[in-house]
Amino acid sequence: MTPPPRSRPAYDADERTQLLGWLDLQRAIIHWKCEGLSEQDAHRAVLPGSPLMTMAGLVSHMRWVEHCWFEVMLLGRPAVGPQFEGPDDADMQVEGRPLAGLLAEYTQQCAVSDEIIAAAALDDVGRHPDYAAGKATLRWMLLHMIEETARHAGHADAVRELLDGSTGYY
């Protein structure tokens, strides 16, 4: 699997291109921070107060966040997945799940999200009747996903440094 490129959108790009460009950059950083990790390190918690904050757990969480916002909130599909069906942080509970498989699932989910986004206008409103967030526009959801993915890319950066000392900015 080839990681997505890490590049910023053009300074003069239109709004949609900028939003998708910034989201793609943050997605690529998640992949980059996982490069070269052993399975043991991918599943090792380094923050005593956050035992599920592992690289593997972060990747799984990001997969399910993509699903939640674009398939469930925007399209109104059934609210299925560990974050809806399990205990708090169930989407980060990945014991025994290989990092490569989790990254592949994340990549596939991002491709599904991209197809959904491409078929919608930025002003389209979500359709899920059971959640207030289901009334947000696609523009709002994209801005939120940039924020969410960037926040977790920052977590991944800190976790990776604590695991093996690797640092670097995009």
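Coordinate-derived values only; no laboratory data. Fair warning: this is a prediction, and the values are worked out from it, not measured in the lab. Virtual Cβ from ideal backbone geometry, glycine too; neighbours counted across all protein chains shown.
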Query raised in the report: If you stretched the chain out fully between ALA104 and ALA158, how much longer would it get, using 0.36 nm times the residue separation minus the C-alpha to C-alpha distance?
Result: 17.2 nm
Report summary line: Here the net charge surrounding THR17, from other residues whose Cβ is less than 12 Å away from its Cβ (Lys, Arg +1; Asp, Glu -1), is -2
Requested in this report: May I have the convex hull volume per residue, in Å³, for the Cα set of the range 44-170?
Outcome: 116 Å³
Query - Net charge of neighbours whose Cβ lies under 13 Å from the Cβ of THR137, counting Lys and Arg as +1 and Asp and Glu as -1 - result: +1
Query raised in the report: Between the range 142-160 and the range 49-111, what's the alpha-carbon centroid distance in Å?
Result: 14 Å
Query raised in the report: Among SER50, SER7, SER60, which comes first, then next, by fewest other beta-carbon atoms within 10 Å?
Result: SER7, SER50, SER60
Query raised in the report: Tell me, which longest segment in the chain has none of the GluC sites (Glu not before Pro) that fall in DSSP loops with at most 12 further Cβ atoms within 10 Å?
Result: 96-170
